[in-house]
Amino acid sequence: MNRQSWFEAFAQTASKGAGLSPRTRRSLLDIDDTLFKTWDLGDNLILAWTRVEHQLRFLAVRHYAIFEMFGYESDGSASRESDNPVIELLAGPKHLDPAEFERVCRRFAEAAQIVDARIETDADFSVPLVDAIVTRYGVSLVRNRAVLLLDVVGYSLRAPLDQLAMLNSLNYSINSACRQLHSRDVHIDFARTTTGDGFYIWNRALGPQATIALYELMMLILADNAVAQRKARHFPVPRLRAAFHVGDHYEFYQVEGLNPTAFGYIVGQVTVDLARLIEKTLPGQIVLGEFTLNMDPAGSGPTSGCDTRMFVEQAAARIEGLKGLAVADDLIDDIRCYLTGPREGDGSFGVDRYAILDKHDTLRYAYNAKINIHLLRSSPIFLGIQCKDADRFAIRPG
């Protein structure tokens, strides 16, 4: 039974193969075939690679051997991930220098399988391209990535045809928002996976600017959805609630028939946190988790810890670039985003931090967000809920 070469699909969809010589493409196809055979429908995972002259060397490990290295307690739970050296490998680069590659192989002892692939003498490889192929056949731990969770309110109570229409409407809003950002040269290489009632959405790019880009994408998605709700007469446009958070997660590719899938799946602390937050989030509400990331506020100095409040301030300073973008049949004239809180004595507004107790009796902290969009010709779009209503989703202000 034949399979489609993943590299060919990858090169066509991502334009990663543009400009490669026929000899280089042939070598990459051979590498893909080698890794596919080693992968063996997911029985082995490719964790790292190195180059020694005209040979590429890959480290493959049986999938269960990786997880056994974490150790398990008597209750079946894994030992703390932060204490395990394998985490360093999963979270680090796939490409290692030869000395480091040998050190990692020794760590896995007899569980390590070394797979070699010779390359053409004049083949020109880029590390990111080979990394992308290796990642397809392995698992990675991604640190500090922003993820958005959009949830359709009352989805499970609707008829199947309504559910289909709702998800199609949401898909359109997502794609339309992405197109608008691309028109302003905002880099957003978004990925998504369904939750059943909605989507997890993340930016494949990493870093502070990628996090802000995802936040901007969220604004435009919710704005397009709000306009669709205004215009709808009979079509079941979904009512949404949204949660935005930054944290760690694992990314992997599942098996479909003979191939790993063409898109990644994520699971980890950030998705757990989002799922617990969305359980308490009210219809129409926008919630941000409590997080810290490295961000250079001025764009010219060293990075520093940036918490949720500072992040929203930085995002607010960036959204001037969204003015003039299309929302449905109108254009954005002005846009504001902020975290809600009580009016202070001097007339300014503070920011409330909310404590949320989830179904597992774990305390989490979150913020309520508002986004106000003024259009050139139409009435404004007010996204999120007001401070006075947000108290209903938390056990108390934090």
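Relative to the present Cα-Cα distance, how much length would full extension add between Phe235 and Arg179 at 0.36 nm per residue of separation? Walk me through the intermediate numbers first.
Values: separation 56, 0.36 × 56 = 20.16 nm, distance 2.34 nm.
Taking 0.36 nm per residue and subtracting the Cα distance, the gain is 17.8 nm.
Cα to Cα, under 21 Å, and not fewer than 8 places away if on the same chain: which lysines meet these conditions relative to Lys37?
Lys94
Hey, how much of the P(r) for the chain falls beyond 28 Å, as a percent of Cα pairs? Show your work: numbers first, answer last.
Working: 42934 of 79003 pairs.
Distances greater than 28 Å cover 54 percent of the Cα pairs.
How big is the shadow of the Cα convex hull of segment 120-202, averaged over all directions, in nm²?
Working: hull surface 35.6 nm².
Spelled out: convex hull of the Cα atoms, projected over all directions, averaged, 8.9 nm².
So, by mean Cβ neighbours within 10 angstrom, what's the order for 163-172, 219-228 with the highest one leading? Please report the intermediate quantities before stating the final value.
Details: 163-172: 16.7, 219-228: 23.1.
Most protected by this proxy first, the peptides run 219-228, 163-172.
Take each uninterrupted DSSP H stretch in the chain, measure its Cα extent along the helix axis, and return the ones at 27 Å or beyond whose mean Kyte-Doolittle hydropathy is at least -0.5.
Working: long enough: 160-183 (35 Å, -0.14); 208-231 (35 Å, 0.49).
Span-like helices in the chain: 160-183, 208-231.
Would you mind putting 239-252, 365-378 in packing order, based on average other-beta-carbon counts within 10 Å, highest first? Don't skip to the answer; put the middle values down first.
Details: 239-252: 22.0, 365-378: 19.4.
So the peptides 239-252, 365-378, ranked by packing, come out 239-252, 365-378.
Put a dot 7 Å past each Cα toward the Cβ at Asp43 and Arg118; how far apart are the dots in nm?
2.7 nm
Hey, in the GNM for the chain with a 10 angstrom Cα cutoff, which one of Glu102, Glu216, Glu68 fluctuates hardest?
Glu68
At Tyr365 and Tyr265, where each label point lies 7 Å from the Cα along Cα→Cβ, what is the point-to-point distance in nanometres?
Calculated label separation equals 3.4 nm.
Which value at 222 nm does the chain reach when only helices count, each DSSP H run of 4 or more adding -39,500 (n - 2.57), with the total divided by all residues and rounded to the nearest 500 deg cm²/dmol?
Numbers: 11 runs with 135 residues, N = 398.
Using -39500 (n - 2.57) per qualifying helix, the result is -10500 deg cm²/dmol.
Return the percentage of antiparallel bridges among DSSP beta bridges fully within the chain, rounded to the nearest 5 %. Mind dumping the intermediate values first?
Values: 70 of 74 bridges.
In the chain, DSSP labels about 95 percent of beta bridges as antiparallel.
For the pairs Lys359/Lys388; Lys280/Lys370; Lys231/Lys280; Lys323/Lys388, flag any whose C-alpha to C-alpha distance is greater than 21 Å. Display every interim value, and only then the final one.
On the way: Lys359/Lys388 24 Å; Lys280/Lys370 17 Å; Lys231/Lys280 28 Å; Lys323/Lys388 29 Å.
Result: Lys359/Lys388; Lys231/Lys280; Lys323/Lys388 exceed 21 Å.
What spacing in nm lies between the two simple spin-label points modelled at Ala109 and Gln209, each 7 Å away from Cα in the Cβ direction?
Here the modelled spin labels are 4.6 nm apart.
How much length would be gained if the chain were fully extended between Ser348 and Arg336, taking 0.36 nm per residue of separation minus their Cα-Cα distance, in nm to one decimal?
On the way: separation 12, 0.36 × 12 = 4.32 nm, distance 1.56 nm.
Using 0.36 nm per residue and subtracting the Cα-Cα distance, I get 2.8 nm.
Let's see if you can work this out: charge +1 on each Lys and Arg Cβ, -1 on each Asp and Glu Cβ, no other charges. What is the dipole magnitude of the chain about its Cα centre, in debye to the nearest 20? Walk me through the intermediate numbers first.
On the way: 43 positive and 50 negative charges, 222 e Å.
Charge dipole, the chain, about its Cα centre: 1060 debye, nearest 20.
Which of the peptides 205-211, 323-329 is most tightly packed, and how do the rest follow, going by the mean number of other Cβ atoms within 10 Å of each residue?
Details: 205-211: 18.0, 323-329: 15.6.
Highest-to-lowest ranking by the protection proxy: 205-211, 323-329.
Readers should treat all values here as calculations from the given coordinates under stated rules, not as data from a laboratory. Every value quoted in this text rests on a predicted model; they were computed, and no experiment measured them. Quick reminder, even Gly has a Cβ in these numbers, built from the backbone with ideal geometry, and neighbours come from all protein chains shown.
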